[in-house]
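The values are calculated or read from the model by the stated rules, or taken from the named source; none is laboratory data. The model shown is predicted, which means the values in this text are computed figures rather than measured ones. For neighbour counting, all protein chains shown are included, and Cβ atoms are generated from backbone atoms with ideal geometry for every residue, glycine included. Calculation scope for accessible area: heavy atoms of the full protein, side chains included, ligands and nucleic acids excluded. Shrake-Rupley method; radii C 1.70, N 1.55, O 1.52, S 1.80 Å.
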Amino acid sequence: MIDKQTILITGATGNIGGGAAVALAKRGARVVLLGRKPQTLETRADSIRATLAEAQIEFQDTDIATLAVDFADMDSVRQAAAEALNRFPAIHGLIHSAVTLIQNGPNILPNGHEVMFATNVMGPFLFTQLLIERMQQSDGLVLHVIAPFYKEIDWDDLESIRNHRTETAANRTKTCNRVIAAELARRYAGKISSVAFNPSFIIDKTDPEVKKKWLTTGLAGFFWWTMAVFFAKPPAVAGEPIADLMLSYRDRSAINGALFKLDKRVEKPDKAMNDEVLGKRLWDELVLLTGLTAE
């Protein structure tokens, strides 16, 4: 494989995306950090550069790049994809770790979509499709960070707008991620590869914003505090196996369509990923919702 691979990471300022960025950069990949806030992205990029310098790993400043995008806004997604195609002649990998969880919904965007569904499902789907031809040139690998939850999709309320409960709505989006990971693998087999990755419970306890992100007040706050103290693992626990998956396989087709839990391949069939009828239906719905039929 090419020595200097270019890997795009959505949600790169988060726990899992950040861990993956550090692990990949340490192994010599060019990482492109994607997120909503340019200043936050630059701060994370500087942090990674400092980590590499401290470890005495040679790199160029351009090896840690940033790209601002709001996955809830399909116009922003299209602009970011166009910029990525302009800036990066080769794209070897795409890691989808962007996720949002917003209470007291539904939260409807000006475009009429529910913000969690748009951010977690629509935006990543559209971004992948807009980069797909470029990735085919490099035997690209798309890694979808998933959660081990299965919630039936309500086709009459796909975005959980009419009957919205935060946990159910969020878990449906994560089910969609698994479905799309598998459907992408089926549709583009032999052209690119697609895997799903279960990171377990990852929290960066050194993040000064960790309490704001995770440790809410009341009973929920106590639950998350307990989970964080006793069960949460640091970002490197997810970042290292992600880097292995992105960089170690000369024949990426060997893992196409697979589900991994950290460094272990899950052999047990996954309900969401194995349902081809579900995969086709969701794919067709997302093509319509994101406006890909207009291209």
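Quick notes on this structure:
- Summarising the amide proton neighbourhood of Leu141: residues at separation of 5 or more, or on other chains, whose placed amide H is nearer than 5 Å comprise Gly93, Leu94, Ser193.
- Given the chain, longest segment not containing exposed loop chymotrypsin sites (Phe, Trp or Tyr not before Pro) (DSSP; at most 10 other Cβ within 10 Å): 1-154
- Computed over protein heavy atoms with a 1.4 Å probe, the carbon and sulfur contribution to the accessible area of the chain reaches 52%.
- Surface calculation, 1.4 Å probe, protein heavy atoms: His144 sits at approximately 10 Å² accessible.
- Cα centroid separation - the range 95-167 against the range 33-67, whole Å: 26 Å
- Rg over Rh, two decimals, the range 128-175 (C-alpha only, Kirkwood Rh): 1.16
- Rounded accessible area per residue of the chain, 1.4 Å, Å²: 48 Å²
- Computed log₁₀ I(q)/I(0) - Debye formula, equal Cα scatterers, no solvent, the chain, q 0.07, 0.14 Å⁻¹: -0.24, -1.05
- Principal axis dimensions, the range 239-295 - Cα atoms, whole angstrom, descending: 38, 27, 21
- Counting heavy atoms of the protein chains alone, Ile57 has an accessible area of about 50 Å² for a 1.4 Å probe.
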